[in-house]
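K.L.:
The structure that follows is given in the form of structure tokens.
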Amino acid sequence: MDDRVSISISEGVADVRLVRADKMNALDQPMFEALVAATDRLSKAKGVRAVVLSGEGRAFCAGLDMGRFAAMKEKGGNGIPGGENRDLTVRTYGKANFAQQAVWGWRQLPMPVIAAVHGVAFGGGFQLSLGADMRFLSSDARMSIMEIKWGLVPDMAGTPILASLVRDDILRDLTYTGRIFSAQEALAYGLATRICDDPRAAALDVAREIAGKSPDAIRAAKRMLNNLSVDPGPALLAESVEQQKLIGSPNQTEAVRANLEKRAPNFAD
């Protein structure tokens, strides 16, 4: 875990860092495992009253590791996080599967989580930021629901969270096009809480402020606010059902090949 995610705890604040800086904190199997393990550890930690989630190096998280997409290109590989040929519809973490838990686990933590985003948060990295209660972005941060580029749909718990944050037509625009959008656009869309010169420093300051409040009241507030949303179970399952049908299909394979070979795709109707 320590070679993918580090956790340091001081004065009631857990400073959680993605530490795969050489790969822009891309999501490989060990990173997924470390994220799930981190939320499991923090859910049981005594004295932690707020969490800051950030990435070392040039980016928050560049999304799924390119090796996963290469695996999809090869015959027999599917690139599914959590093990090859895994059934995505199997619920292994309550209402979530393994990949979804890497995001949904932050939502489930009893204490508030602030994501400090710099550089890029693409695809799965963008969804990871959605697991937080708040998102503090650097002015040059860029985001994207990039799954469509690879012939896929967002399936890491992003859709039930996005539905509570973004206007429906904006969500459809971002999902259908996969376009990259700026921190300023993210703020206008409701996907950024604030834009900061140093989002991690600002997030730590706010986390310390939260840690100074009654932990009983803060945890009660998070439970109450989480309960405002509709039951995420059907949406989480729908993500998995749709993604499983897409993975390895002819058009999804063509999307991966075309991107890796840097050519226009040739899709069949």
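The values are calculated or read from the model by the stated rules, or taken from the named source; none is laboratory data. Please read these numbers as outputs of a predicted model, since none were measured by experiment. Glycine also receives a Cβ, built like all others from the backbone with ideal geometry; neighbour counts cover every protein chain displayed. When the accessible area is computed, the model is the full protein with side chains, heavy atoms only, and any ligands, DNA or RNA have been set aside. Shrake-Rupley method; radii C 1.70, N 1.55, O 1.52, S 1.80 Å.
K.L.:
Of Ile148, Ile170, Ile195, which is the most mobile in a GNM of the chain whose springs link Cα atoms less than 10 angstrom apart?
P.N.:
Comparing Ile148, Ile170, Ile195 in a Gaussian network model of the chain, the most mobile one is Ile170.
K.L.:
Tell me which of Leu236, Leu162, Pro215 sits at the most positive position along the dipole axis of segment 84-237, charges placed on C-beta atoms (Lys, Arg +1; Asp, Glu -1).
P.N.:
Positive-end residue among those listed: Pro215.
K.L.:
What dipole magnitude, in Debye to the nearest 20, does the chain give about its Cα centre under +1 on Lys/Arg Cβ and -1 on Asp/Glu Cβ?
P.N.:
280
K.L.:
If you build the Cα gyration tensor of segment 144-223 and take the root of 5 times each eigenvalue, what three semi-axes come out, in whole angstrom, biggest first?
P.N.:
Numbers: eigenvalues 174, 54, 25 Å².
Working through the eigenvalues yields semi-axes of 30, 16, 11 Å.
K.L.:
Using a Debye calculation, one point per C-alpha and no hydration shell, please list log10 I(q)/I(0) for the chain at q = 0.12 Å⁻¹ in order.
P.N.:
Reported log10 I(q)/I(0), two decimals: -0.68.
K.L.:
When Lys and Arg each count +1 and Asp and Glu each count -1, what net charge do the other residues less than 13 Å away from Arg208, Cβ to Cβ, add up to?
P.N.:
Result for the neighbourhood of Arg208: -1.
K.L.:
Now a separate question. Using a Gaussian network model of the chain with C-alpha springs under 10 Å, which one of Pro154, Pro112, Pro215 is most mobile by mean-square fluctuation?
P.N.:
Pro215
K.L.:
Over all alpha-carbon pairs of segment 96-238, lay out the pair-distance distribution in 10 Å bins, whole %, shortest bin first.
P.N.:
All Cα pairs considered, the percentages come to 12, 42, 36, 10, 1.
K.L.:
Another question about this same structure. Counting alpha carbon pairs within less than 8 Å and at least 6 residues apart, what relative contact order, in whole percent, applies to the chain?
P.N.:
Answer for the chain is 20 percent.
K.L.:
Where does the charge balance sit around Ala141 when Lys and Arg score +1, Asp and Glu -1, over other residues with C-beta under 13 Å from its C-beta?
P.N.:
Here the charged neighbours net out to +1.
K.L.:
Right, next: Using a 10 Å cut-off on Cβ atoms, rank the peptides 4-10, 260-266 from the highest mean neighbour count down. The partial results should precede the final answer.
P.N.:
Values: 4-10: 16.1, 260-266: 9.9.
Going from most to least packed, we get 4-10, 260-266.
K.L.:
To the nearest 20 debye, what is the magnitude of the charge dipole of segment 228-269 about its Cα centre, counting +1 on the Cβ of each Lys and Arg and -1 on the Cβ of each Asp and Glu?
P.N.:
260
K.L.:
Can you give me the accessible area per residue for the chain, using a 1.4 Å probe, in Å²? Intermediate values should be presented prior to the final figure.
P.N.:
Working: 12180 Å² over 269 residues.
That works out to 45 Å² per residue.
K.L.:
May I ask you to give the percent of accessible area on the chain that is carbon plus sulfur, with a probe radius of 1.4 Å?
P.N.:
On the chain, the fraction of accessible area on carbon and sulfur atoms equals 53 percent.
K.L.:
Oh, and also: Using a basic spin-label model with each label point 7 Å from the Cα along Cα→Cβ, how many nm lie between Glu254 and Asp197?
P.N.:
Inter-label distance under the simple model: 5.1 nm.
K.L.:
At a 1.4 Å probe radius, which order do Asp140, Asp169, Asp28 fall into by accessible area, largest first?
P.N.:
Asp140, Asp169, Asp28
K.L.:
Another question about this same structure. Which one, Ile195, Ile7, Ile180, is farthest towards the positive end of the dipole of the chain when Lys and Arg carry +1 and Asp and Glu -1 on their Cβ?
P.N.:
Final value for the positive-end residue is Ile7.
K.L.:
Just reorder Leu88, Leu237, Leu171, Leu225 by solvent-accessible area, largest first, 1.4 Å probe, all chains present. Don't skip to the end; give the middle numbers.
P.N.:
Details: Leu88 10, Leu237 70, Leu171 30, Leu225 100 Å².
Result, largest first: Leu225, Leu237, Leu171, Leu88.
K.L.:
Anyone know which of Ser139, Ser182, Ser164 comes out most mobile in the 10 Å Cα GNM of the chain?
P.N.:
Of the options given, Ser164 has the highest mean-square fluctuation.
K.L.:
To continue, here is another question. If Asp133, Asp40 are ordered by their accessible area, calculated over protein heavy atoms with a 1.4 Å probe, which sequence runs from highest to lowest?
P.N.:
Order by accessible area, largest first: Asp40, Asp133.
K.L.:
Nothing charged except the Cβ atoms of Lys and Arg (+1) and of Asp and Glu (-1): what's the magnitude of the dipole of segment 186-269 about its Cα centre? Round to the nearest 20 debye.
P.N.:
Computed charge dipole of segment 186-269: roughly 200 debye.
K.L.:
Put a dot 7 Å past each Cα toward the Cβ at Asp269 and Asn226; how far apart are the dots in nm?
P.N.:
Taking the simple label geometry, Asn226 and Asp269 are separated by 4.7 nm.
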